[in-house]
Amino acid sequence: MSETTFPNAGPNASRARHPSASRGAMPGDLPRRDRLARIVRVDHAGEYGAKRIYEGQIAVIGKGRHGKTLRHMAEQELEHLEYFEKQLTRRRVRPTLLQPLWHVTGFLLGAGTALLGERAAMACTVAVEEVIERHYEAQLKELGPDEQELADSIRKFQAEEVEHRDIGLVNEAELAAGYPVLTAAIKAGTRAVIWVAERV
């Protein structure tokens, strides 16, 4: 894909609009292709984990009053996952080697919080989606105009993750027993998973 050009701009205008390009390469920076591979890998891992969290919650409380809502959010996560699966193939990027672990731990997190009650399940959604929303925002600041399609998709998914967070808040997530401790632990775990999935 060719770089975007702007009227009355010099030959380096499109380059300057890319955050990492505008400051120049720094010691320790990954090559651009490797950084893009990390982005696609970690986003695929995250959407896979989110899918498994909702499957765990649906297995426990899917027949209750939140069943339809949980299935709606799970369907959106599946759409995100399928997009990043295609990106892995198109860019020849391997998925994280720890995907079998996410398969188990994602489901257990979803089922475990659902067993604590509907509010705890919603608190889990709030915690995870707040981390993912900020994670996507950081990625959007890295992507240049040559990755507009990827950026547009991430921006769409980010909006849907915010929607999920808001659903959790509307459904009394903050009234879950031990909400501050529960969400802090889930956020810390989610950030750790992101760090590992980028690299392994």
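The values are calculated or read from the model by the stated rules, or taken from the named source; none is laboratory data. Being a predicted model, the structure only gives us computed values, none of them experimental. Glycine gets a Cβ as well: all are built from the backbone with ideal geometry, and neighbour counts include every protein chain shown. Ligands, DNA and RNA are excluded from the accessible area calculation, which covers all protein heavy atoms including side chains. Shrake-Rupley method; radii C 1.70, N 1.55, O 1.52, S 1.80 Å.
The gain in end-to-end length when the Ala177 to Arg33 segment is fully stretched comes to 47.4 nm, 0.36 nm per residue minus the alpha carbon separation. What you get for the chain, charging only the Cβ of Lys and Arg (+1) and of Asp and Glu (-1), is a dipole of about 580 debye around the Cα centre. Spacing of the modelled spin labels on Glu137 and Leu98, each 7 Å from Cα toward Cβ, amounts to 2.4 nm.
Relative to one another, the C-alpha centroids of segment 32-86 and segment 135-181 are positioned 12 Å apart. Rolling a 1.4 Å probe over the protein heavy atoms of segment 111-154, with every protein chain left in place, gives an accessible area that is 51 percent carbon and sulfur. With all protein chains kept in place, the per residue accessible area of the chain amounts to 53 square angstrom at a probe of 1.4 angstrom. With the simple spin-label model, which puts each label point 7 Å out from Cα in the Cβ direction, the Ala185 to Gln148 separation comes to 4.7 nm.
Mind running the shape call on segment 135-200? Use the C-alpha gyration tensor, a ≥ b ≥ c as the square roots of the eigenvalues: rounded below 1.5 for a/c, prolate if a/b tops b/c, oblate otherwise. Judged from the Cα gyration tensor, segment 135-200 comes out oblate (a/c at least 1.5, b/c at or above a/b). Less than 13 Å from a label point 7 Å out along the Cα-to-Cβ axis of Glu160: which backbone N atoms in segment 54-80 qualify, by residue? Answer for segment 54-80: 71-80. Starting from one equal scatterer on each C-alpha and no solvent at all, send me the Debye-based log10 I(q)/I(0) for the chain at q = 0.09, 0.10, 0.15, 0.19 Å⁻¹, two decimals. Each listed q maps to, in turn, -0.37, -0.45, -0.90, -1.29. Largest first and in whole Å, the equivalent-ellipsoid semi-axes of segment 39-126 read 26, 13, 8, each the square root of five times a Cα gyration tensor eigenvalue. For the peptides 113-120, 65-72, 132-139, 41-48, residues were scored by their other Cβ atoms within 10 Å and the scores averaged per peptide; the highest-first order is 41-48, 113-120, 132-139, 65-72.
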